[in-house]
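The values are calculated or read from the model by the stated rules, or taken from the named source; none is laboratory data. The structure presented is a predicted model; accordingly, all values stated were derived computationally and were not measured. Cβ: placed from backbone, ideal geometry, glycine included. Neighbour counts: every protein chain shown. SASA here: full protein model, heavy atoms, side chains in, ligands and nucleic acids out. Shrake-Rupley method; radii C 1.70, N 1.55, O 1.52, S 1.80 Å.
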Amino acid sequence: MSIETQGNTLTFASIDGDAGLKAALAMSRADIVDTVSASGMKGRGGAGFPTGMKWNFAGSERGDEKYVLCNADEGEPGTFKDRVILTEFPDLVFAGMTIAGRAIGATVGIVYLRGEYTYLRSHLNAVIKKRRADGLLGKDVGGVKGFDFDIIVALGAGAYVCGEETALIESLEGFRGEPRNRPPFPVVAGFRHRPTTVNNVETLASAACIFAEGVDWFKSFGTDRSTGFKLFSISGDCEKPGVYEFPFGISVADLLKEVGGSDAKAVQIGGASGTCVPRKDFARQMAFEDIPTGGSVIVFGPQRDMLAVAENFLDFFVDESCGQCTPCRLGNVKMLEGARMLQEGTCSAEYVAELRELSITMQVASKCGLGQTSSNAFMSILEHFGDEITSRAPQAETARS
Ligand SMILES: Cc1cc2nc3c(=O)[nH]c(=O)nc-3n(C[C@H](O)[C@H](O)[C@H](O)COP(=O)(O)O)c2cc1C
Ligand code: SF4
């Protein structure tokens, strides 16, 4: 199966993930974890948590029943790189899951597949079936006595919040997909309240590459604090949208050159919950130490109405908030109302200041990452494009809600 996507050549295409699995299975569980830690890899799902540390926590917990969950929910607006990985390189993902299973002492891996990717299920199941036949899943995986590990695919519930790891777990258990209170973290009490590692599709595929090619090879890409290469989903006002691979550390300007978007006035990095970077900051780097990202890049051309962009994102968050906690449930509604008032020219400067305070409340008081980040784009658009927004709303200084 193959899908059409512009972009550049992905390193994943040249890696034998099963050579990585074989190398990992020759190691002790502790050495597998140490190797991932030494690679410096941080999770590719957005939060950037060190993968070796996560596997170490889950591996250190007692108990025979542990789980490896592959987060293939890919619900962040503007993100579509996991779909490409699952379509083109499923063996790499499954090899990575099996390595994670060995590292933490799990016997079951589950791919939580975005509901809209249902069409991929039969493809993934066929690959899993072949891996069982090849002895790469099932009993005594890879000939290692006593290492039993199998993978199943479960369909997601179709809500953005189900990509949040604890909501994902609730959803997998058959409940409404709502984030849990943390602690306990999933590495201690996750799926079925057993130690669980939840990793992004790309993280798992990259783990297999580390074992196939070595830690030094992996660290030869990227920066000291953001090692390796990263897949980016590039969309919006550019000539060549698609899935691209770049080393961490690439500047926004260089990335835009590659995709034919050099005239952009802003770029939204990290999806709707990410950061809006204006043209003056295009020298900044895509890296956890500068602009962290799960890989979504939306390009905004010179004619783009930035307030309409903010309104669109906020509309999405009003729909997708699970409603459990007040700052997010009501905060997003107030933010959207504010954006609409600005569109109509009925929002005073004082009310904008109140919205800024509300944004801080949402960041600190929301229960999960959705509410903690949902006002970021609006706030950065107000900060960087305030003139553009107020210049079309002459009565904004005097009006009040
Ligand atoms: C609202 C919300 C949605 C998320 N959606 C996804 C997603 O679709 N895929 C993903 O890998 N991580 C997503 N995450 C991050 C996960 O909670 C988690 O950090 C990630 O799966 C960990 O994997 P990693 O360490 O390999 O990056 C989301 C987080 C939040 C708050
Ligand atoms: S922050 Fe939003 S999505 Fe997260 S738990 Fe609270 S209401 Fe639900």
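Here are some residues: Cys322, Cys328. Which one is of a type outside the set (Gly, Ala, Ser), open to solvent by less than 50 Å² (accessible area, probe 1.4 Å) and not in a helix (DSSP H, G or I)?
When all the criteria are applied, what remains is Cys322.
Among the numbered criteria (1) within 17 Å of Met53 (Cβ to Cβ); (2) away from ligand 2 (no atom under 16 Å from the Cβ); (3) under 22 Å from the mean Cα position of the chain (by Cα), which one does Arg182 miss?
The one condition Arg182 does not meet is (2).
Is it true that Phe147 is surrounded by fewer than 23 Cβ atoms within 10 Å (Cβ to Cβ), more than 18 Å from Glu76 (Cβ to Cβ), touching a Lys or Arg at 6+ places or on another chain (Cβ under 8 Å) and aromatic (Phe, Trp, Tyr)?
Yes; evaluated as a whole, the condition is true for this residue.
Filter segment 295-312 down to residues that are outside any strand (DSSP E or B) and open to solvent by less than 20 Å² (accessible area, probe 1.4 Å), then give me how many there are.
6
Does any residue of segment 26-42 turn out to be in contact (Cβ under 8 Å) with a residue 40 or more places away in the chain, under 23 Å from the mean Cα position of the chain (by Cα) and part of a loop (DSSP other than H, G, I, E, B)?
yes
Can you find a residue in segment 128-138 that is among the aliphatic types (A, V, I, L, M) and within 20 Å of Gly75 (Cβ to Cβ)?
Within segment 128-138, none of the residues are among the aliphatic types (A, V, I, L, M) and within 20 Å of Gly75 (Cβ to Cβ).
Any residue in segment 124-142 that is open to solvent by 40 Å² or more (accessible area, probe 1.4 Å) and under 24 Å from the mean Cα position of the chain (by Cα)?
Yes, some residue in segment 124-142 is open to solvent by 40 Å² or more (accessible area, probe 1.4 Å) and under 24 Å from the mean Cα position of the chain (by Cα).
Could you please find all residues in segment 306-325 being away from ligand 2 (no atom under 16 Å from the Cβ) and without any contact (Cβ under 8 Å) to a residue 60 or more places away in the chain?
Hits for segment 306-325 are Ala308, Glu311, Asn312.
Anything in segment 140-172 that is within 11 Å of ligand 2 (Cβ to nearest atom) and hydroxyl-bearing (Ser, Thr, Tyr)? List them, or say none.
Of everything in segment 140-172, those that are within 11 Å of ligand 2 (Cβ to nearest atom) and hydroxyl-bearing (Ser, Thr, Tyr) turn out to be Tyr160, Thr166.
Output the number of residues of segment 261-277 satisfying the condition of being modelled with pLDDT of 95 or more, open to solvent by 10 Å² or more (accessible area, probe 1.4 Å) and either within 16 Å of ligand 1 (Cβ to nearest atom) or assigned to a strand (DSSP E or B) (or both).
Number satisfying all stated conditions: 0.
Of the residues in segment 46-81, how many are open to solvent by 50 Å² or more (accessible area, probe 1.4 Å), modelled with pLDDT under 95 and either of a type in the set (Gly, Ala, Ser) or within 12 Å of ligand 1 (Cβ to nearest atom) (or both)?
Here the count works out to 1.
Could you grab the pairs with beta carbons closer than 9 Å, sequence gap of 6+ or different chains, first residue in segment 122-143 and assigned by TED's automatic domain parsing to the domain that holds Leu25, second one in a strand (DSSP E or B) and among the charged types (D, E, K, R)?
Pairs found: Ile128/Asp150; Arg132/Asp150; Leu137/Asp150; Gly138/Asp150; Lys139/Asp150; Val141/Asp150.
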